[in-house]
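The values are calculated or read from the model by the stated rules, or taken from the named source; none is laboratory data. Everything numeric in this text was worked out from a predicted model, so none of it was measured. When we count neighbours, we look across all protein chains shown, and the Cβ atoms used for this are built from the backbone with ideal geometry, even at glycine.
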Amino acid sequence: MARNTINSLSSADLGVKKTNKWAEAKRQPFLLISSALLLIYGIIFYYVPVLGWITAFQDYKPAKGFLKSQWVGFAKFQKLFENKTFYLAFRNTLAMGVINLVFHFVTAIAFALILNEVRVMFAKKFVQTISYMPHFLSWIIVTAIVRDILASDGIVNEFLMNVCGNKMPIDFFAVKGYFWWIVAFANVWKETGWNAIIYLAAITAIDPSLYEAADMDGASRFQKVWYITLPSLRPTIMILLLINIGNVLNAGFELQYILGNDVISDVSKILDVFILDWGISQFDFSLGTAAGIFKSVIALILVCLGNWTAKRTGDERLF
Amino acid sequence: MKKTKIAAVALASLMSVSALAGCNKTPGASSGTAAPGETKQAAPGQIKEFSAFFAVPATTEINKDNEVQKIIAEKIGAKCNETWLAGQQPSEAVGVFIASGEYPDFINGGDAMKALYEAGALIAWDDYIDKYPNIKEFFSDYEWSQFRQSDGKIYWMNPFENIYGEDKTTTQNGEAFWIQARVLEWAKYPKIETLDDYFKVLEDYNKANPTTHDGKKNIPYTMLCEDWRYFCLENAPEFLDGYPNDGSCIVDVNTKKIVDYNTTPTAKRYFKKLNEEYAKGVIDTGAFTQTYDEYISKLSTGVVLGMCDQWWDFAYTVNDVFKTQNTEQYGYNYIPLGLTIDKGMENQWYTSGGTLNVSSGIAITTSCKDVEGAFKFIDDLLSQEIHDLRFWGVKDVDYKVDENGMYYRTEEMRKNAADPNWKTKHLCTYSYFPQWSGTSRDGKNAMMPAEQLSEFKDTLPEPVKKVFAAYGANTYIDLLGSVNKAGPWFPMYSYSNNMKTDTKGGEAWTKMGECKHAWLPKVVMSKEFDKTWDEYMKAYAACKPEDFVAEMQQELDRRIAAYEASKK
């Protein structure tokens with residue numbers, strides 16, 4: 001369990017402090033070098049790019065570069081916040097992000113619990129393997145699959161017309177009310193199996209004596225899941241929730257970009273597409289950067305809020 | 001988005017690496033100039049390789065071992081590996097190039113040329129043009145001067161719609177309301193002048209003949225609205241009012257003022273008509289959600305009776321499918337109509353004499369290591385021998401020459417020329433490099449096979465021949481009956497295409513586009529047209545179209561002044 005691991009780690013740290021640090025260091029050159037490499041990697045790929053943020057406060061022109069582009073203060077942010085499409089895109093991103101997050105957790109946990117109850121080892125492995133395979137498809141492939149199955153001559157419409165007796169095919173991509181759910185469905189289809197793996201792993205770490213004790217007390221299968229498995233998963237769930245909450249505004253790109261069209265653009269346009277339209281396509285890299293900063297700030301706030309809540313309720317937290 | 005970006009950057013770096021490789025292979029290659037119409041033979045093993053990126057999706061992507069490309073390479077000592085836009089917007093692709101700072105040797109960034117110029121990515125042409133006679137010959141001094149950018153230099157040339165000698169245009173390359181030949185034949189070749197006439201014929205035909213030859217249900221009218229191709233839906237009002245394709249606005253010839261065609265009474269009538277037809281079920285219900293590929297495959301099956309589009313946007317693909325599938329006989333080919341909103345108006349759907357779009361073209365980038373070689377490559381491609389190889393193909397394989405020196409093709413050669421396989425493995429047109437239309441330097445033949453009158457007439461499908469005969473026309477142009485009143489400022493889109501959000505007018509232009517994309521489908525599908533139209537107009541006014549009009553007016557005044565000055 002996560003809590004146990006963290007505890008054991010910190011006691012190991014204490015042990016290191018008591019001995020001579022240099023002697024300790026000499027004995028583990030590999031560990032030190034690899035962590036240094038990781039640190040350098042982190043600085044280069046996570047911290048140096050943040051320097052690019054200064055372009056948000058400039059009227060950045062690639063020909064002039066960072067140093068000679070004109071400084072414009074918060075003008076680009078002002079332009080961003082005056083744009084109606086931006087708010088629309090923000091709303092859609094948030095909505096799809098939250099829907100995806102909820103579905104992500106509910107389906108992955110439910111799937112892990114159900115799979116865990118399967119007693120035939122072969123069937124369990126088989127289902128698990130099949131279920132996580134879509135994870136390895138790229139989003140563009142998934143987009144094409146979704147497009148095909150929901151097309152007017154796709155499998156869903158064929159089914160509706162031949163079995164349910166619909167007269168006309170439904171144009172799924174022309175109804176605003178469907179779009180968010182189509183995105184959610186695609187996410188569930190692609191990621192549920194993969195997301196369930198970590199829960200399945202956590203379930204195997206639960207002390208079997210708990211179940212044995214429950215058996216003695218005459219608990220039913222369902223009661224064991226409800227009173228033992230789920231509470232034992234709670235720390236894992238909280239940590240994953242906190243990590244994922246920062247990704248709420250990364251609600252995908254390919255699905256919305258490819259499947260969106262003029263009829264449903266009010267609900268399909270998301271922030272990343274907005275950045276593409278108003279930033280890169282207009283060569284207004286500064287505006288794009290400003291929108292990117294906005295996204296990061298929101299993500300940071302969400303993570304902090306989540307962490308603070310976790311602290312209040314006494315749950316597992318990130319920092 | 002991250003994934004696409006990374007892929008694009010990877011692609012860009014890959015291309016630049018290949019560009020470097022290309023230049024390294026040719027140490028000390030000579031960069032001599034050639035007389036017009038003449039090319040030097042290069043020794044084998046000395047072939048330079050250039051790279052090019054075109055910000056349009058490929059119509060044909062040729063094979064690596066393409067036969068004509070090899071012949072051209074042997075003759076001029078250079079070849080070019082072309083890369084095309086795939087699944088991106090032109091300006092996105094160019095934006096990624098700019099962000100990376102690495103470019104292919106040649107680039108045609110479409111509407112994003114100005115951004116490339118501002119990023120300092122392009123080589124100025126001024127010192128080179130005089131050295132290359134075929135390039136210099138391509139434009140008059142006044143035409144070249146229109147390409148000058150804010151620093152007074154020339155950075156690119158538009159490769160298209162330039163006529164050498166006598167005009168031999170046979171096809172309406174631009175926009176029109178198109179109608180299938182079978183509809184006209186059934187209706188006994190009526191006179192169709194207005195939008196109302198047009199939809200009436202489509203409806204009547206569809207009632208009498210609801211299916212195609214193989215039993216597929218007809219779609220009387222469809223329109224493409226995907227992304228920038230939504231001109232098929234949105235810009236008809238400027239033509240219906242009798243104005244030429246200025247693209248983004250109307251220029252009132254008398255007052256020399258810019259008029260916004262989105263808000264004219266004609267625009268309202270046009271969309272009201274579409275609204276009525278949509279309610280009647282005449283318009284394709286999938287029109288607003290179809291992609292370009294879906295649209296083309298719809299057209300290729302022959303089910304679509306009519307649509308508004310530009311020839312180059314559909315005909316090259318669709319007509320070839322009709323030819324190879326042997327469905328031409330059913331009259332699926334499209335005939336252009338010069339419609340106006342009311343009877344008895346002049347129309348300017350076709351504008352003669354070529355159109356000079358100075359906003360885009362082919363450029364040589366700062367990443368190119370052999371600039372002289374690159375100019376020589378363009379120059380060589382314009383020589384008559386190579387031009388013939390590009391567009392006519394190999395003598396006696398792709399065309400024959402009769403005793404009078406006229407080029408012609410046998411039926412098999414024509415089938416080949418329309419065959420996608422043959423196009424990828426044999427023909428190499430370098431289709432986005434500069435090219436001539438009009439008359440060949442031999443004074444007899446046409447530069448392009450499609451403009452060779454004998455060839456044009458012989459290749460017309462039977463049903464189209466009948467249409468031509470019924471209306472007494474020799475070419476598609478004759479069918480339109482357009483007049484030419486375009487002023488020296490024409491076409492205004494060569495300015496608006498380059499507008500970006502860094503100006504007030506450009507910001508309005510972008511917002512207007514977004515607004516039209518979102519509202520026009522609503523307007524057409526609305527159950528209460530007038531109410532929706534008013535809402536649309538309100539949303540449209542909020543985009544401040546007056547800022548756009550003001551900037552266009554400024555450009556119009558500038559162009560008129562420049563033209564007056566050049567006459568003195």
Within the group A:Leu210, A:Leu249, A:Leu241, which residue is within 14 Å of chain B (Cβ to nearest Cβ), surrounded by 14 or more Cβ atoms within 10 Å (Cβ to Cβ) and touching a helix residue (DSSP H, G or I) at 6+ places or on another chain (Cβ under 9 Å)?
A:Leu249
In segment B:277-298, how many are within 15 Å of A:Phe172 (Cα to Cα) and surrounded by fewer than 19 Cβ atoms within 10 Å (Cβ to Cβ)?
3
Return the residues of segment B:125-139 that are in contact with a strand residue (DSSP E or B) (Cβ under 8 Å, 6 or more places away or on another chain), crowded, with 17+ Cβ neighbours inside 10 Å and either charged (D, E, K, R) or in a loop (DSSP other than H, G, I, E, B) (or both); say none if nothing qualifies.
B:Trp125, B:Phe139
Within segment B:321-334, is even one residue free of Cβ contacts under 8 Å to residues at least 60 places away in the same chain and buried (at least 19 other Cβ atoms within 10 Å of the Cβ)?
yes
Quick one: count up the residues across segment A:241-254 that are closer than 13 Å to A:Leu271 by Cα and outside any loop (DSSP other than H, G, I, E, B).
1
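Considering segment A:213-233 alone, what residues qualify as being surrounded by 15 or more Cβ atoms within 10 Å (Cβ to Cβ) and in contact (Cβ under 8 Å) with a residue 24 or more places away in the chain?
Those that are surrounded by 15 or more Cβ atoms within 10 Å (Cβ to Cβ) and in contact (Cβ under 8 Å) with a residue 24 or more places away in the chain: A:Val225, A:Thr229, A:Ser232, A:Leu233.
For every residue, the table says whether it meets (1) free of Cβ contacts under 8 Å to residues at least 40 places away in the same chain; (2) within 14 Å of chain A (Cβ to nearest Cβ); (3) at positive phi.
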| site | (1), (2), (3) |
| --- | --- |
| B:Ala469 | yes, no, no |
| B:Met512 | no, yes, no |
| B:Thr532 | yes, yes, no |
| B:Glu564 | yes, no, no |
| B:Lys567 | yes, no, no |
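A quick yes/no check of all residues on (1) within 14 Å of chain A (Cβ to nearest Cβ); (2) surrounded by fewer than 15 Cβ atoms within 10 Å (Cβ to Cβ); (3) not β-branched (Val, Ile, Thr):
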| site | (1), (2), (3) |
| --- | --- |
| B:Asn108 | no, no, yes |
| B:Lys114 | yes, no, yes |
| B:Tyr117 | yes, no, yes |
| B:Leu122 | yes, no, yes |
| B:Asp141 | no, yes, yes |
Determine whether A:Val127 is over 21 Å from the mean Cα position of the chain (by Cα), away from chain B (no Cβ under 14 Å) and surrounded by 15 or more Cβ atoms within 10 Å (Cβ to Cβ).
yes
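Evaluate the following for A:Lys79: is it surrounded by 15 or more Cβ atoms within 10 Å (Cβ to Cβ), part of a helix (DSSP H, G or I) and free of Cβ contacts under 8 Å to residues at least 24 places away in the same chain? Talk me through it step by step, then tell me what you get.
Working: surrounded by 15 or more Cβ atoms within 10 Å (Cβ to Cβ): yes; part of a helix (DSSP H, G or I): yes; free of Cβ contacts under 8 Å to residues at least 24 places away in the same chain: no.
No.
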Do we have A:Val50 as more than 28 Å from B:Phe97 (Cα to Cα), more than 14 Å from chain B (Cβ to nearest Cβ) and outside any loop (DSSP other than H, G, I, E, B) here?
no
Counting only residues that are among the hydrophobic types (A, V, I, L, M, F, W, C) and surrounded by fewer than 17 Cβ atoms within 10 Å (Cβ to Cβ), segment A:150-188 contains a total of 12
Which residues, taken from segment A:275-299, are more than 10 Å from chain B (Cβ to nearest Cβ) and either hydrophobic (A, V, I, L, M, F, W, C) or more than 24 Å from B:Ala115 (Cβ to Cβ) (or both)?
A:Ala290, A:Ala291, A:Ile293, A:Phe294, A:Lys295, A:Ser296, A:Val297, A:Ile298, A:Ala299
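Going by the conditions given, is B:Gly361 small (Gly, Ala, Ser), in contact with a helix residue (DSSP H, G or I) (Cβ under 8 Å, 6 or more places away or on another chain), in contact (Cβ under 8 Å) with a residue 24 or more places away in the chain and closer than 30 Å to B:Lys466 by Cα? Before you say what the answer is, go through the steps one by one.
On the way: small (Gly, Ala, Ser): yes; in contact with a helix residue (DSSP H, G or I) (Cβ under 8 Å, 6 or more places away or on another chain): yes; in contact (Cβ under 8 Å) with a residue 24 or more places away in the chain: yes; closer than 30 Å to B:Lys466 by Cα: no.
Considered against the rule, which asks whether it is small (Gly, Ala, Ser), in contact with a helix residue (DSSP H, G or I) (Cβ under 8 Å, 6 or more places away or on another chain), in contact (Cβ under 8 Å) with a residue 24 or more places away in the chain and closer than 30 Å to B:Lys466 by Cα, B:Gly361 comes out as no.
Of all residues in segment B:364-383, which are β-branched (Val, Ile, Thr) and assigned to a helix (DSSP H, G or I)?
Start the filter on segment B:364-383 by keeping residues that are β-branched (Val, Ile, Thr), which leaves B:364-366, B:371, B:378.
Within segment B:364-383, B:Val371, B:Ile378 qualify.
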I'd like the full set of residues that are among the aromatic types (Phe, Trp, Tyr) and away from chain A (no Cβ under 13 Å), limited to segment B:514-530.
B:Phe529
Please specify each residue of segment B:67-106 satisfying the condition of being more than 11 Å from chain A (Cβ to nearest Cβ) and part of a helix (DSSP H, G or I).
B:Glu67, B:Val68, B:Gln69, B:Lys70, B:Ile71, B:Ile72, B:Ala73, B:Glu74, B:Lys75, B:Ile76
When you check B:Trp186 against the structure, is it among the aromatic types (Phe, Trp, Tyr) and under 30 Å from B:Gln329 (Cα atoms), yes or no?
yes
For the structure I just gave you, tell me whether A:Ala123 is farther than 16 Å from A:Val188 by Cα and part of a loop (DSSP other than H, G, I, E, B).
no
Let me spell it out: the conditions are (1) under 18 Å from A:Phe283 (Cα atoms); (2) assigned by TED's automatic domain parsing to the domain that holds A:Gly260, and A:Gln58 meets all of them except one. Which number is the exception?
(2)
Residue identified as crowded, with 23+ Cβ neighbours inside 10 Å, in contact (Cβ under 8 Å) with a residue 12 or more places away in the chain, in contact with a helix residue (DSSP H, G or I) (Cβ under 9 Å, 6 or more places away or on another chain) and of a type outside the set (D, E, K, R) among B:Leu356, B:Leu381:
B:Leu381
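Which residues, counting only those in segment B:204-240, are small (Gly, Ala, Ser) and either part of a helix (DSSP H, G or I) or touching a strand residue (DSSP E or B) at 6+ places or on another chain (Cβ under 7 Å) (or both)?
First, pick out the residues of segment B:204-240 that are small (Gly, Ala, Ser): B:208, B:215, B:236.
Within segment B:204-240, B:Ala208, B:Ala236 qualify.
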Could we say that B:Tyr278 is out of contact with any Cys (no Cβ under 8 Å at 6 or more places or on another chain) and hydroxyl-bearing (Ser, Thr, Tyr) here?
yes
Looking at this structure, is B:Gly405 assigned to a loop (DSSP other than H, G, I, E, B), outside the structural domain of B:Asn326 (by TED's automatic domain parsing) and not polar (S, T, N, Q)?
yes
Quick check on segment B:482-510: of everything there that is small (Gly, Ala, Ser) and either surrounded by fewer than 21 Cβ atoms within 10 Å (Cβ to Cβ) or within 12 Å of chain A (Cβ to nearest Cβ) (or both), which residue is nearest to A:Ser286 (Cα to Cα)?
B:Gly506
Contact list, first residue from segment A:22-49 and surrounded by 10 or more Cβ atoms within 10 Å (Cβ to Cβ), second anywhere and among the small types (Gly, Ala, Ser) and modelled with pLDDT under 90, beta-carbon distance below 8 Å, six or more apart or interchain, is A:Leu32/A:Ala25
Going through segment B:410-469 one residue at a time, which ones are crowded, with 21+ Cβ neighbours inside 10 Å, assigned to a helix (DSSP H, G or I) and out of contact with any helix residue (DSSP H, G or I) (no Cβ under 6 Å at 6 or more places or on another chain)?
B:Ala417, B:Glu451
Condition check for A:Leu276: of a type in the set (A, V, I, L, M, F, W, C) and more than 23 Å from B:Asn497 (Cβ to Cβ)
no
